[in-house]
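Here is the structure we will look at, set down as structure tokens.
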Amino acid sequence: MIFILGTLVLFIISIKLSSFLSVGFLMLHFKMKRYFQHMTEEKWRLYFHKIGSKGILFRMIGYYWVALLLLAYWNMNYFWNGSAPYAITLLIAGGFHLLFNYQTKKQQFQKIIHQQQSDSSDEN
């Protein structure tokens, strides 16, 4: 019983921590981009105009999966004695969490997308 509760708590912590780490990975991505490509304010403006809100969302989701995969691997080795089914279950739970959050906040995201599209059409 304690193992089940501990695993449930570990799932919740890992999923929430993945969300937090994905923001850190995205910030690191931007920092590296600034350093290696010598980004100026105009280059940043063009970059964000080119990728748009969807691009940022896809990068965020990608980094979420990277963080979740790393945590699943770490948990598998240190908490679940190398048992891959627990790690796979964590990945599935993380996928459901991501899908649930997207479905519940879909209207907010579409509102941001439409606002950005109308702003970019006003500039042109």
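The values are calculated or read from the model by the stated rules, or taken from the named source; none is laboratory data. In this text the structure is predicted, and so the values were computed from the model without any measurement. Neighbour counts run over all protein chains shown; Cβ positions are idealised from the backbone, glycine included. To get the accessible areas, we keep the full protein, side chains included, count just its heavy atoms, and leave off ligands, DNA and RNA. Shrake-Rupley method; radii C 1.70, N 1.55, O 1.52, S 1.80 Å.
Annotations
- Residue in the stretch 28-36 that is within 30 Å of Gly6 (Cα to Cα), of a type outside the set (S, T, N, Q) and out of contact with any helix residue (DSSP H, G or I) (no Cβ under 7 Å at 6 or more places or on another chain) present: no
- Options Thr104, Thr89: the member that is on the phi < 0 side of the Ramachandran plot, β-branched (Val, Ile, Thr) and loosely packed, with under 11 Cβ neighbours inside 10 Å: Thr104
- Residue match in the stretch 78-100 (condition: in contact with a Phe, Trp or Tyr (Cβ under 8 Å, 6 or more places away or on another chain), closer than 23 Å to Lys54 by Cα, of a type in the set (A, V, I, L, M, F, W, C) and at pLDDT 95 or above): no
- Given (1) part of a helix (DSSP H, G or I); (2) free of Cβ contacts under 8 Å to residues at least 12 places away in the same chain, index of the condition Leu21 fails: (2)
- Residue satisfying condition, being touching a residue at least 60 places away in the same chain (Cβ under 8 Å), in a helix (DSSP H, G or I) and over 17 Å from the mean Cα position of the chain (by Cα), within set Tyr86, Tyr47: Tyr86
- Residue in the stretch 26-39 that is over 18 Å from His97 (Cβ atoms) and not in a helix (DSSP H, G or I) present: yes
- Residues of the stretch 59-79 that are open to solvent by less than 70 Å² (accessible area, probe 1.4 Å) and touching a residue at least 60 places away in the same chain (Cβ under 8 Å): Asn75 alone.
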